[in-house]
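Report on the following structure.
The values are calculated or read from the model by the stated rules, or taken from the named source; none is laboratory data. Not measured: the values here are computed from a predicted model. Glycine gets a Cβ as well: all are built from the backbone with ideal geometry, and neighbour counts include every protein chain shown.
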Amino acid sequence: MKKVFVIAILLFVNNLINAQCPTIPIDLTSQQDIDDFSVNYPGCDTLPIGVDLFISGSDITNLSGLQQIDVAYGAVEIRNNPNLTSTSGLNLYYAGSDLIIRNNNNLNDISSFSNLDTILGEFTIRTNPLLSDLSGFQSLEMVGMGAIIRDNNNLIALNGLNQLTTVEGILEIVEHPNLNDISALSNVNLITGDPIEGALVIDLNPSLKTLNGFGNSNTIILGDLFITNNDSLSFCSVQSICNYLNTPPIGSIATIDLNITGCNNETEVLNQCIFVSVENEGNEDFIEIFPNPFSEKIMVRNTSEIENSTMKIYNLLGKNILQKKINNSFTYTTVNTNNLPSGSYILSIENNNKIIFNHLIIKN
């Protein structure tokens, strides 16, 4: 019995030795440092609290030497790696502090983070010019100290953040010349904000035309809101923003400016919010409009849900500029729009039972 006990103790000590992890912050500045990690720290799958991991080196091309790490309680920063194309090899399941991915000129694959559901610290994706979306973060649900998505030149959409529900701190979407779709953020229910930086910043995204899909009717934004300097942005009256403007948090400031007509000030946004309601969600199942964007005409497929209705088109100041009865004798109702200037509009279909609204874009 005593011999068995001694053997058990020896095995326990041996496992501790084999699972040795760094005890202070560690800098990996070369590919050799990456490759040697598993040799220097055998069996280390969890980086302890206070052990930050900095990855920065001109010759780093892959992170496969870090594949044993599952959990990091310290910060992980992947910065200034000009030859790194993929994060493959660093397969975190949990980040107990910051995760920062910044200034990696050739990084185009972040799929190794596909199982990561929680980042308790700051989440930053900044200045990675080859990333076109964020599809590597499809499991991410919660960020604990702000989400900074900034200056990623090729970023077109935020696909990959579809499961994100909670951002404690600020949510910042800034400086993306090609970003045109933020609908992946439809499940965001809470943005707590930061007392200094604010809660939501959407700034300097010149290709972004609409906030369609951002948040939902349950989204709570606690703090200052900034929607500014988006050269093509004309439609901001989604339910999450309308709820914020109609019932602003105490002491908060909303700054909506230097976009284009329809989203150029708070009044314009609120004028469109008249057309937005919880009942309007899911109308894509009842109404088919095409093409959209459109030029000379649009067509609406007649269905039983919209029979005996009136179709109206409003500009973004809330003025009814065109209307037509939906004729149930035909499969489609056609509306000529070649006299309307290019821009964003609201289309409504109204009868005695309900009103359906859709956002339209005219390109004449």
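General remarks:
- Scope segment 122-147; condition closer than 11 Å to E168 by Cα and buried (at least 21 other Cβ atoms within 10 Å of the Cβ); matching residues: F123, V143, G146, A147
- Hits in segment 91-107 - residues which are more than 16 Å from L158 (Cβ to Cβ) and out of contact with any Gly (no Cβ under 8 Å at 6 or more places or on another chain): N91, L92, Y93, Y94, I100, R102, N103, N104, N105, N106, L107
- Test set (1) more than 14 Å from the chain's Cα centre (by Cα); (2) part of a loop (DSSP other than H, G, I, E, B); (3) more than 22 Å from S38 (Cβ to Cβ) - S139 fails condition number: (1)
Here is a yes/no grid of residues against (1) among the β-branched types (V, I, T); (2) part of a strand (DSSP E or B):
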| position | (1), (2) |
| --- | --- |
| V51 | yes, no |
| E77 | no, yes |
| L92 | no, no |
| L107 | no, no |
| I149 | yes, yes |
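- Residue satisfying condition, being in a loop (DSSP other than H, G, I, E, B), crowded, with 19+ Cβ neighbours inside 10 Å and either modelled with pLDDT under 80 or touching a Pro at 6+ places or on another chain (Cβ under 8 Å) (or both), within set L360, L316, L347: L316
- S86 more than 25 Å from G215 (Cβ to Cβ), among the polar types (S, T, N, Q) and out of contact with any Leu (no Cβ under 6 Å at 6 or more places or on another chain): yes
- Answer residue from segment 158-188, given it is more than 13 Å from the chain's Cα centre (by Cα) and closer than 19 Å to D98 by Cα and is surrounded by the fewest Cβ atoms within 10 Å (Cβ to Cβ) among those: E168
Residue-by-condition table, conditions (1) at pLDDT below 95; (2) on the phi > 0 side of the Ramachandran plot; (3) hydroxyl-bearing (S, T, Y):
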| position | (1), (2), (3) |
| --- | --- |
| D35 | no, no, no |
| P42 | yes, no, no |
| F54 | no, no, no |
| T61 | no, no, yes |
